[in-house]
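What follows draws every value from the coordinates through simple rules; no lab data is involved. Predicted model only: the values in this text are computed from it and were never measured. Heads up, the Cβs are rebuilt from the backbone with ideal geometry, glycines too, and the neighbour counts pull from every protein chain shown.
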Amino acid sequence: MADALKARWLDEPEDKDYTAAHSYLSLLVPAAELDSLIARLREAPAGRWRAKDILRAARLPLLSAKESQEVAEKLAKVRAKEALSPILLVVLRADVIAQIADGYHRTCAAFLASEDSLVPGRIVFL
């Protein structure tokens, strides 16, 4: 039944997503580079990647709706055919794990709907 679900997506990430990305990335990126990085994310071209590939590139486990209330909420939105915000990705160096700056739970919900879900987002390589 879950394979019949299809996530819907907004055309653009929401401002709150960039704020969340800023907060997370402040743990990984020097403060002097952070605002510039967020500006680059805002200007990055849109792309689409399979949910399963995003999780593999980020080396993050799939969270279930039972494990995460936020994944449960996003999956409920998918079932209600509400649009999710595109994710924000940053690859800090080519030999380093991709960072889901914002959108981990949305990616998990999209995967649970179908592991081949195409997840829109923006990506920056440093």
Restricting things to alpha carbons, find the Rg to Rh ratio for the chain using the Kirkwood radius for Rh.
-> 0.96
Using 7 Å Cα-to-Cβ label points, what is the Val91/Leu118 separation (nm, one decimal)?
-> 2.0
Residues whose built amide H sits under 5 Å from the amide H of Trp49, excluding neighbours closer than 5 in sequence, are Val119
How much of the DSSP beta bridge set in the stretch 2-125 is antiparallel, as a percent to the nearest 5?
-> 55
Label-point separation in nm, Ser36 to Arg48, each point 7 Å along Cα→Cβ = 3.3
Full extension from Lys81 to Leu28: what is 0.36 nm times the residue separation minus their Cα-Cα distance, to one decimal in nm?
-> 15.6 nm
Förster radius 30 Å - calculated FRET efficiency between Lys66 and Lys16, Cβ distance, rounded to 0.05 | 0.70
Neighbourhood net charge (14 Å Cβ-Cβ; Lys/Arg +1, Asp/Glu -1) for Lys66 | -2
Using a Cα distance threshold of under 16 Å, what count of lysine pairs results for the chain when pairs must be 8 or more residues apart or interchain?
-> 7
Under a 5 Å amide H to amide H cut-off, with H placed in plane at 1.01 Å, what residues pair with Asp102 once short-range neighbours are removed?
-> Leu88
